[in-house]
């Protein structure tokens, strides 16, 4: 039997635990996001390694095997506060505070750092069809990357501190942190799940006041959404019904998926969890 609860005025069904933990990798200093490099059969993990908002050079990317073994904890070093990542061909894109860093996956080297003028806190990246989108949490802006160049694509207060991104068909899904942001990153109003038309840039609310949203990931017909502050993981079905999958604790960061596997970085616990759904 499902427990019924309310979040942001919505009625949610809380499902019992039905995900299998496949493996856990530990020992990271603030892991934020993971991505599977399918062409090379490996996992890349962004590790902030210092203050999430400071250009301190302590950030890095770690390399893991498919079964969670740490292959190289300092695969790419000298970053500032790396967070979201996306892959376009043989290029890995990394959101690194005020720059988008290009990494050549064939040679495991940094190609260049692209400055996003006026950006403050680049956070997540999503890519499809040769184009990537990057959100800046603090300026309510989504940037667009194509052919090695970046430019502002949409700036709108309705984005309300955009923190998570996912290209989903002809729309861009955005997880907002919430309105009324304070110095301690608490908010007066929880963030909502939004969709933006890639063609018209029209914005629509899919799930209002869901939480302080960090990561978005799709597995088949289900969309998964993580709340960094509460640690809640939500599942949203095709009919936009929201279910509470479970609670992982404070610091559930930028989740991602490949196939039926969900990767959950536990930022404050220093670990990456892989679960099969």
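Every number in this text was worked out from the coordinates using simple rules, so none of it is lab data. Since the model is a prediction, treat every value here as computed from it, not as a measurement. Neighbour counts are summed over all protein chains in view; Cβ atoms, including those assigned to glycine, are modelled from backbone coordinates with ideal geometry.
Pull out a ≥ b ≥ c, the square roots of the eigenvalues of the alpha-carbon gyration tensor of segment 231-277, then state rounded if a/c is under 1.5, prolate if not and a/b is larger than b/c, and oblate in the remaining case.
In terms of gyration-tensor shape, oblate.
Segment residue 204..residue 276, full-extension length gain: 22.9 nm, with 0.36 nm per residue of separation and the alpha-carbon distance subtracted.
In terms of its C-alpha gyration tensor, segment 36-178 has a prolate overall shape, because the principal axis ratio a/c (a ≥ b ≥ c, square roots of the eigenvalues) is not below 1.5 and a/b outweighs b/c.
Per-residue packing, averaged as other Cβ atoms within 10 Å, sorts the ranges 264-274, 191-201 into the order 264-274, 191-201, beginning with the highest. Remark: spin-label model distance residue 90-residue 77 equals 2.6 nm, labels positioned 7 Å along the Cα→Cβ axis. Which residues in segment 29-47 have a backbone N closer than 15 Å to a point placed 7 Å from the Cα of residue 66 along the Cα-to-Cβ line? 36-44, by backbone N distance to the label point. The Cα atoms of the chain define a convex hull whose projected area, averaged across directions, is 13.2 nm².
Springs join every pair of Cα atoms under 10 Å in this Gaussian network model of the chain, and among 93, 71, 172 the largest mean-square fluctuation is at 71. Beta bridges assigned by DSSP with both partners in segment 3-276 are antiparallel in approximately 95 percent of cases.
Label-to-label distance for residue 186 and residue 113 is 3.5 nm, based on points extended 7 Å past Cα in the beta-carbon direction. Can you compute the label reach from residue 39? Point 7 Å from Cα along the Cβ direction, backbone N cut-off under 20 Å, restricted to segment 123-148. In segment 123-148, the label zone of residue 39 (backbone N under 20 Å from the point 7 Å along Cα→Cβ) covers 125-133, 145-148.
Going 7 Å from the Cα of residue 219 in the Cα-to-Cβ direction, what parts of segment 34-65 have a backbone nitrogen less than 17 Å from that spot? Taking a point 7 Å out along Cα→Cβ of residue 219, the residues of segment 34-65 whose backbone N falls under 17 Å are 34-36. Let me make sure I get this right: for segment 20-103, a, b and c are the square roots of the gyration tensor eigenvalues over alpha carbons, sorted descending. Under 1.5 in a/c it's rounded, otherwise prolate if a/b > b/c, else oblate. Which is it? Oblate, because a/c is 1.5 or more while a/b does not exceed b/c.
When each of the peptides 31-41, 139-149 is scored by the mean number of other C-beta atoms lying within 10 Å of its residues, the order from highest to lowest reads 31-41, 139-149.
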